[in-house]
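Take a look at the structure set out below.
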């Protein structure tokens, strides 16, 4: 079983196919990285060096905008991603 899957070739994130512990070596296509933190099943991980303000592409469509930089292997979730479609709650603030 693959650890991660890039759902669409246009995606700049991959998705964890199982819970992955910190230190896991992950390879997705030509990109490889070592996880710095554990990630849960279904977590999004940056495939490229993404910058704050970049759109995150999943399923071939933008799903949100980063609010902080995310080098390859970074766990992408509400702590560093603002939905472009729904109100997002992070750190107790509506952003």
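Throughout, read-outs are computed from the coordinates displayed, never taken from laboratory work. As the structure is a computational prediction, the values presented were derived from the model and not from experiment. Reconstructed Cβ throughout: ideal geometry from the backbone, glycine too, with neighbour counts over all protein chains shown.
Scanning segment 11-26 for residues that are under 22 Å from residue 69 (Cβ atoms) and within 14 Å of the chain's Cα centre (by Cα) turns up 11, 12, 13, 14, 15, 16, 20, 26.
Taken over segment 1-17, the criterion of being in contact with a strand residue (DSSP E or B) (Cβ under 9 Å, 6 or more places away or on another chain) and either in a loop (DSSP other than H, G, I, E, B) or over 14 Å from residue 46 (Cα atoms) (or both) is satisfied by 2, 3, 6, 7, 8, 10, 11, 12, 17. Only one of the numbered conditions (1) touching a residue at least 40 places away in the same chain (Cβ under 8 Å); (2) touching a strand residue (DSSP E or B) at 6+ places or on another chain (Cβ under 9 Å); (3) exposed (fewer than 12 other Cβ atoms within 10 Å of the Cβ) is violated by residue 60, and that is (2).
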